[in-house]
Amino acid sequence: MSTDPHHPYRLAGVMGWPVAHSRSPAIHNHWIRHYGLNGSYVLLPVQPERLTDAVRGLRALGFAGCNITIPHKVAAMALVDRIDPLAARIGAINTIVVEKDGLLAGYNTDAYGYIQSLLDAQPHWRADAGPVTVLGAGGAARAILVALAERGAKEIRLCNRSLDKAQALAAEFGAPIRALPWEQRADALEGCALLVNTTSLGMKGQEPLEIALDQLPRQALVSDIIYVPLETPLLAAARARGNVGVDGLGMLLNQARPAFQHWFGVMPELTPELRRMIEATL
Ligand code: ATR
């Protein structure tokens, strides 16, 4: 460990349960090395009943902060002193920063990560380019819906197996979201500029997502937030008919960037080397 006085030693980590398979330590420790910083990013396996103690312990342990992941993203929000307005809208935090005054601030960088993953694939992408279809209305969908609405999406067609959950999100977030039954997912694609899968369908070990893409324009982006496997059946089908596909690894890597900046003071770059390194672990 270096003792360079210009770079104080900083600790960060990811609090979750289970958390052993998280790629976040590999991502953040790569950046710590790459930027010549002093510090470490560690796994913080914390059971739900210990979350309060663990979050309160961050300051005493000298942490700069931590990521919060499944299943703590909603519960942790009640344990911080300040909540960023975007995180409050999403209703979940994925990042805690121990501020200079010792107070804990909660952020959600998933929305940024998602939008940036689309921009990495298509630099001129715009949320208002046309209607968007979002599949799924769980926790992951919330950050994506808020992100798309913030970026100016004018029409979001939200399809979920349980229609009531889609309706509840449409009522909570308001225009431009419209809830549609799961059975209408193929028809919802008509004229769309973007299709996003936020369900677990297509993930390794799960059933594939069944959806006919015939009505989706070929210029539309197709994005899947799943990253195991990197090429889901949805992305394979989309690419086979000429649509640009965006995998979920881009969101994972990009959500880490502003969190790292909060703790270490550097906005880290996503390099092909880092992406290859993480791909090799999938
Ligand atoms: P996450 O936090 O990853 O979004 P979640 O909150 O459990 O996880 O949400 C999972 C999403 O996948 C939900 O939209 C779920 O639909 P329901 O709200 O009807 O449960 C969707 N999903 C999971 N299995 C599905 C299946 N077999 N068919 C259709 N949708 C499915």
Flagged in region 107-136 as of a type in the set (Ser, Thr, Tyr) and in a loop (DSSP other than H, G, I, E, B), in numbering order, are Thr109
Taking first residues from region 228-250 that are at positive phi and second residues anywhere that are of a type outside the set (Phe, Trp, Tyr), the pairs with Cβ under 7 Å that are 6 or more apart or on different chains are Gly242/Arg218
Out of (1) over 30 Å from Ala75 (Cα atoms); (2) open to solvent by 30 Å² or more (accessible area, probe 1.4 Å); (3) free of Cβ contacts under 8 Å to residues at least 60 places away in the same chain, the one Met203 does not meet is (1)
Any chance region 135-150 includes a residue that's touching a Ser or Thr at 6+ places or on another chain (Cβ under 8 Å) and of a type in the set (D, E, K, R)? no
Of the residues in region 111-133 that are farther than 25 Å from Arg275 by Cβ and either within 14 Å of the ligand (Cβ to nearest atom) or touching a residue at least 60 places away in the same chain (Cβ under 8 Å) (or both), the one that is most open to solvent (accessible area, probe 1.4 Å) is Ala129
By my count, helices (runs of 4 or more DSSP H) wholly in region 178-282 with at least 2 residues that are within 16 Å of the ligand (Cβ to nearest atom) and under 23 Å from the mean Cα position of the chain (by Cα) are 233-240, 249-264
Restricted to region 138-156 and to residues being within 11 Å of the ligand (Cβ to nearest atom) and open to solvent by 30 Å² or more (accessible area, probe 1.4 Å), the residue nearest to Ala170 (Cα to Cα) is Arg142
Scanning region 160-177 residue by residue, those more than 9 Å from the ligand (Cβ to nearest atom) and on the phi < 0 side of the Ramachandran plot turn out to be Gln167, Ala168, Leu169, Ala170, Ala171, Glu172, Phe173, Ala175, Pro176, Ile177
Flagged in region 9-31 as aliphatic (A, V, I, L, M) and farther than 19 Å from Thr281 by Cα, in numbering order, are Leu11, Ala12, Met15
Those strands (runs of 3 or more DSSP E) completely within region 1-91 that have 1 or more residues that are aromatic (Phe, Trp, Tyr) and either in contact with a helix residue (DSSP H, G or I) (Cβ under 8 Å, 6 or more places away or on another chain) or open to solvent by less than 60 Å² (accessible area, probe 1.4 Å) (or both) are 39-45
By residue number, the members of region 157-168 that are farther than 22 Å from Trp125 by Cα and either in contact with a strand residue (DSSP E or B) (Cβ under 6 Å, 6 or more places away or on another chain) or surrounded by fewer than 24 Cβ atoms within 10 Å (Cβ to Cβ) (or both) are Cys159, Arg161, Ser162, Leu163, Asp164, Lys165, Ala166, Gln167, Ala168
Of the residues in region 92-106, those that are open to solvent by less than 10 Å² (accessible area, probe 1.4 Å) and outside any loop (DSSP other than H, G, I, E, B) come to Thr95, Ile96, Ala105, Gly106
Taking region 250-276 and keeping residues open to solvent by 40 Å² or more (accessible area, probe 1.4 Å) and in contact with a strand residue (DSSP E or B) (Cβ under 7 Å, 6 or more places away or on another chain) leaves His262
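The values are calculated or read from the model by the stated rules, or taken from the named source; none is laboratory data. Computed from a prediction, not measured in an experiment: that's the story for all the values here. Positions of Cβ are backbone-derived with ideal geometry, glycine not excepted, and every protein chain shown enters the neighbour counts. Remember, those area values only see protein heavy atoms, side chains included, never the ligands or the DNA or RNA. Shrake-Rupley method; radii C 1.70, N 1.55, O 1.52, S 1.80 Å.
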